[in-house]
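> Have a look at the structure that comes next, please.
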Amino acid sequence: MSKSRFVFDKFAKLLEQGMMNYKDLSDELINILKSKRDDVIFKMKLASKEEVEILNKRIDQLEKKIENLSSNRKSKKTKKVKKS
């Protein structure tokens, strides 16, 4: 009876280590894939959401300035100079 118990214990320990190794392997694989994804995103030079919002605000401000300058230019009439 003790020999069969010994065999079962060894077999259970082997299965337990196998499951732990599988879980560690899957976690390591996920970490590798995440790091590869981050590398690809970095190489693509994608902007974050905050950066995009800041750039949109700057563009809006520049568009307003352009509109103001163009409206000022239209409102000013050119004066004709008399030729002598």
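> Please report, in debye to the nearest 20, how large the charge dipole of the chain is about its Cα centre when each Lys and Arg carries +1 at its beta carbon and each Asp and Glu carries -1 there.
Roughly 1620 debye, rounded to the nearest 20.
> Okay, moving on. Relative to the first principal axis of the alpha-carbon coordinates of the chain, what is the inclination of helix 2-44, with its axis defined by its Cα atoms, in degrees from 0 to 90 and to the nearest 10?
With rounding to tens, the tilt is 10 degrees.
> Could you give the length gained on full extension between K80 and V7, defined as 0.36 nm per residue of separation minus the Cα-Cα distance, in nm?
The span from K80 to V7 would gain 15.3 nm if fully extended.
> What's the Kirkwood radius of the chain in Å, using all Cα pairs?
Computed over the chain, the radius equals 20.5 Å.
> For K13, list the aspartates and glutamates whose Cα falls under 19 Å from its own Cα; do not include residues on the same chain fewer than 8 positions away.
Of all the aspartates and glutamates, those that pass the test against K13 - Cα under 19 Å, at least 8 places apart if same chain - are D24.
> For K36, go through the aspartates and glutamates and keep the ones whose alpha-carbon is under 16 Å away, minus same-chain ones fewer than eight residues off.
List returned: D27, E28.
> Any chance you could run the full-extension gain for D39 through N21? It's 0.36 nm times the residue separation minus the Cα-Cα distance, nm to one decimal.
Details: separation 18, 0.36 × 18 = 6.48 nm, distance 2.68 nm.
Difference between extended and current length: 3.8 nm.
> Something else now. Measure nothing fancy, just the Cα-based angle from helix 49-75's long axis to the longest principal axis of the chain, in degrees from 0 to 90, nearest 10.
10
> So what is the orientation-averaged projected area of the range 1-48, using the convex hull of its C-alpha atoms, in nm²?
Details: hull surface 14.4 nm².
About 3.6 nm², averaged over all directions.
> Is it possible to state the helix-based mean residue ellipticity at 222 nm for the chain, with each DSSP H run of 4+ residues giving -39500 (n - 2.57), the sum divided by total residues, to the nearest 500 deg cm²/dmol? What is it?
Helix-only estimate at 222 nm: -30500 deg cm²/dmol.
Bear in mind that the values in this text are calculations on the coordinates, not laboratory data. These numbers were taken from a predicted model, which means no experiment stands behind them. When we count neighbours, we look across all protein chains shown, and the Cβ atoms used for this are built from the backbone with ideal geometry, even at glycine.
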